[in-house]
Amino acid sequence: MAKKKLRKMLGDVNAPSAIALRNLIDTQSKDTIRKWCLDYAEAKILPIFEKRCPGDDRPRNAVNAAYEYLDGKVKFPAVKNTILNECHAAARELDANPTAQAAARAIGQGSAVVRAGGGKSHRARFGGRPYIDPFPWLVLLCSSGGRLRPSWA
């Protein structure tokens, strides 16, 4: 039986900065959070990936596809594979480069947030309130070493 591979994540989701971010997220609209998450992934994490993996456009393609969906330019089925799979496929190929691997995962999580929560099944589970999984922003927070501050904070 193969040994389960450990995921690499920087930071602590129980740190005061992560808790403060979760509390701040609770006060914002889904669209604000989604835009901020994409902006942060593009501005702060994508350059880390591109520096270590020049020529691999999969994370950039995921961010661009997520913006197109968020802006209403395309329907989700047209960009679903790009948003949900390309960054994670890149990450799976980068065992020898943990920095690029973590960046690809964070970008993938940040891009996938455009489709998170809000459906009937989510509202039923969370007391009628739209729910967005905080994990993508926590990945981004932990990748920033706790220095992350949304522009709207």
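Of the helices (runs of 4 or more DSSP H) entirely within region 73-153, those holding at least 2 residues that are modelled with pLDDT of 85 or more and polar (S, T, N, Q) occupy 76-92, 98-112.
Take region 32-77 and flag every residue that is touching a Leu at 6+ places or on another chain (Cβ under 8 Å) and free of Cβ contacts under 8 Å to residues at least 60 places away in the same chain. Residues satisfying the conditions are K35, C53, P59, R60, V63, A66, Y67, L70.
Residues of region 15-32 that are loosely packed, with under 11 Cβ neighbours inside 10 Å, in contact with a Gly (Cβ under 9 Å, 6 or more places away or on another chain) and under 16 Å from G110 (Cα atoms): none at all.
Which number in (1) closer than 22 Å to K51 by Cβ; (2) at pLDDT below 90 marks the one condition that V63 misses? Condition (2) is where V63 drops out.
The values are calculated or read from the model by the stated rules, or taken from the named source; none is laboratory data. Fair warning: this is a prediction, and the values are worked out from it, not measured in the lab. Positions of Cβ are backbone-derived with ideal geometry, glycine not excepted, and every protein chain shown enters the neighbour counts.
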